[in-house]
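Taking it in order: structure first as structure tokens, then the write-up.
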């Protein structure tokens, strides 16, 4: 027999749920359904959607390419300062996005610690470019890949690797054919979360790469701009991101929240 929840807990839960659901419900209620197609078919919206996909997918690839090796090192190697490295890796998750953008400017901007050198010797300028938007999105999304994959590496029974070594497999072969396939669920979850995070990135992008239509203006930046002149357009584009976010959470609900 199920016990009834105490009334104060039930009331607090209902208020908390309503508080979370209300903004999304308001977007649905105020959505310009009559001109939804026209808004999304507009040149600015289509360009922002295309650019968002390009930036988020590129950021996800970079996050996996560099994040998985770092996760492996953090999970399997003991070295001095590992706790500090792990803290720095997680930092972009809790760092205010605007602060992340300022940090990127000071590091990779035209007068940055590394950015000035890149422009002087290689002619590479990341600020106010699509590449800069990708860098900003990668900075904030890579920790999700690292955390998920490192957890997979740590939870893996190392006897499988030892067995592969006994059978003559090289460390590289063992990593490719034994370890990575076994942690693929965690890697996939981290990659999808990183993609969703990159898709919704705003603060670091607008600070480091600017808000230039066709070059750095992704959907979140387009929403911010349209909110000043076309509220219906901002609502329509916001709903696109809401739908994508909900789809990601539903697809990964078992791994993220342990729910079925």
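Points to keep in mind about this one:
- Based on the reciprocal of the average 1/r between different C-alpha atoms, the Kirkwood radius for the stretch 153-226 equals 15.4 Å.
- A full extension of the chain between residue 12 and residue 163 corresponds to an added length of 49.1 nm, given 0.36 nm per residue minus the alpha carbon distance.
- GNM top mover of 50, 154, 80 - the chain, alpha-carbon springs below 10 Å: 80
- In terms of other Cβ atoms within 10 Å, 106, 43 run from fewest to most in the order 43, 106.
- Sorted peptide list for 201-208, 33-40, 14-21, 220-227, criterion being average Cβ within 10 angstrom, highest first: 201-208, 220-227, 33-40, 14-21
- Value of D in µm² per second that Stokes-Einstein yields for the stretch 1-108, Kirkwood Rh from Cα pairs, at 37 °C (0.692 mPa s): 168 µm²/s
- In the elastic network of the chain, a GNM with C-alpha springs shorter than 10 Å, the most mobile of 183, 11, 90 is 11.
- The chain: relative contact order in percent, alpha carbon pairs under 8 Å with at least 6 residues between: 29 percent
- Descending by average beta-carbon neighbour count within 10 Å, the peptides 123-136, 161-174 line up as 123-136, 161-174, the highest first.
- Rounded FRET efficiency, nearest 0.05, which uses the C-beta distance separating residue 114 from residue 170 and R0 of 30 Å: 0.30
- The chain: calculated mean residue ellipticity at 222 nm from DSSP helix runs of at least 4, using -39500 (n - 2.57): -24000 deg cm²/dmol
- Label separation (residue 177 vs residue 91): 4.0 nm, computed from points 7 Å beyond Cα along the C-beta direction.
- Descending by average beta-carbon neighbour count within 10 Å, the peptides 81-89, 142-150 line up as 142-150, 81-89, the highest first.
- Taking only Cα atoms of the stretch 36-257, radius of gyration then Dmax in Å: 19.6, 67
- Gain on full stretching of the segment that runs from residue 122 to residue 30 - 0.36 nm per residue minus C-alpha separation: 28.2 nm
No value in this document is a laboratory result; all are computed from the given coordinates. Please read all numbers here as calculations on a predicted model, not as lab measurements. A quick note on method: Cβ atoms are made from the backbone with ideal geometry, for glycine too, and the neighbour counts reach across all protein chains shown.
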